[in-house]
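Here the structure comes first, spelled out in structure tokens, and everything after it is commentary.
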Amino acid sequence: MRPRKLFALLTGVNDYTPNVGRLNGCLNDVEAYEAWLTDSFPAENRSIAVLKDSAATRQGIIDGFRQHLAAAGPNDVALFQFAGHGARWKSSSAFNPFYPEGFDEGLVCWDSRREPNRPGSFDLADKELAVLVAELAERCSHVVVLLDCCHSGSGTRSADDRTQLAIRMSHQVDIERPLDTYLDGHYSRLVELRQRLETPASRHILLAACERKKQAFEGYDRRGIFSSTLLEQLDQCHGQTTYADLFLRVRATVRKKAHYQTPQFEVFRGFDGYQGFLGREIAQSRKKHFLVNHDPITRQWTVEFGAIHGFVPVQDKPLEFAILQPESNN
């Protein structure tokens, strides 16, 4: 068996049309990720494809999954990264019985919305990305999706009045999208087969800049706050970290930089959140660290933990824990 290899598809778009809203930091993010991966993985153990601006079309990203990332084998790591606008689009009414909210959260590709009446001008919807990830996960057990855009945890370019940080979110489209336009008619075929219109679930991890209905910001340095913070934390630990520990570091730091942005790391179908980032070997114990917050207004405590933190629930058994205040040195 050949050594583990990293296959990465790095994509970013600044050059959006005026009706979508131009961005400034997405190509910087792509270049920073490429530089870090190049420094961290030997040439013989990596294969990186980069799509910037006009190359990061809807079809270009789909082909990147099905051609470049598809070369990853069972022992390899596959990484998809996107920096750009995220947005909502009214989904086909056929999904309403299963997803009553009625909207897709999607990636705004370079050619998205340039010609509204052209079939290929749709965003890359979350329902389509799920299919592409599932196809990839069938042959590769270590799949990582990294999204730095709004609506990434599942309007025009503007600045937040409170922070003056640029927002990576474009306007919502309220025109219903036809069912047969989703990824080469994938869901139309399910209807023909009288199957449920459910998005496929697959083994992977999602590293998202914000919650599904929230915003992601660009900083004054023309970088995505999430992406720059993630790479800063990786540099500090020389890439020797688990996904769980990285999650805690990144979330705490991003909250200091952009109070209204909360990164999300989500594991699916048994993905081990305590393994090394991008499959790298690490020498450390599997200690479980949980982030504890206290809201002074509601006087409520919250503890953030789940599968990514190494927590394994025991059925029919209550969970009990105590929060102890450290003793004062005075």
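The values are calculated or read from the model by the stated rules, or taken from the named source; none is laboratory data. If you're wondering where the values come from, they're calculated on a predicted model, not measured in any experiment. Cβ atoms come from the backbone with ideal geometry, glycine included; neighbour counts cover every protein chain shown.
Do the conditions hold for residue 132, that is, is it over 14 Å from residue 199 (Cα atoms) and not in a loop (DSSP other than H, G, I, E, B)?
In short, no.
Among the candidates 260, 274, 220, single out the residue that is on the phi < 0 side of the Ramachandran plot, in contact with a Gly (Cβ under 8 Å, 6 or more places away or on another chain) and of a type in the set (Phe, Trp, Tyr).
274
Mind checking which residues of the stretch 1-36 are of a type in the set (Ser, Thr, Tyr) and either part of a loop (DSSP other than H, G, I, E, B) or modelled with pLDDT under 95 (or both)?
Within the stretch 1-36, the first condition is being of a type in the set (Ser, Thr, Tyr), and the residues that meet it are 11, 16-17, 33.
Passing the criteria: 16, 17.
Name every residue in the stretch 188-213 that is acidic (Asp, Glu) and over 25 Å from residue 278 (Cβ atoms), in order of residue number.
Correct list: 192, 198.
Going by what's in this entry, would residue 79 be described as more than 15 Å from the chain's Cα centre (by Cα) and either over 27 Å from residue 27 (Cβ atoms) or of a type outside the set (Gly, Ala, Ser) (or both)?
Working: more than 15 Å from the chain's Cα centre (by Cα): no; either over 27 Å from residue 27 (Cβ atoms) or of a type outside the set (Gly, Ala, Ser) (or both): yes.
It is false that residue 79 is more than 15 Å from the chain's Cα centre (by Cα) and either over 27 Å from residue 27 (Cβ atoms) or of a type outside the set (Gly, Ala, Ser) (or both).
So in the stretch 277-305, with the set limited to residues that are on the phi > 0 side of the Ramachandran plot and within 23 Å of the chain's Cα centre (by Cα), which one is modelled with the lowest pLDDT?
In this case the residue turns out to be 279.
Considering (1) over 19 Å from residue 31 (Cβ atoms); (2) touching a Ser or Thr at 6+ places or on another chain (Cβ under 9 Å); (3) among the charged types (D, E, K, R), say which one residue 46 fails and leave the rest.
For residue 46, the exception is condition (1).
Against the conditions (1) at pLDDT 95 or above; (2) closer than 20 Å to residue 22 by Cα, where does residue 106 fall short? Just the number, please.
Residue 106 satisfies all of (1) at pLDDT 95 or above; (2) closer than 20 Å to residue 22 by Cα except (1).
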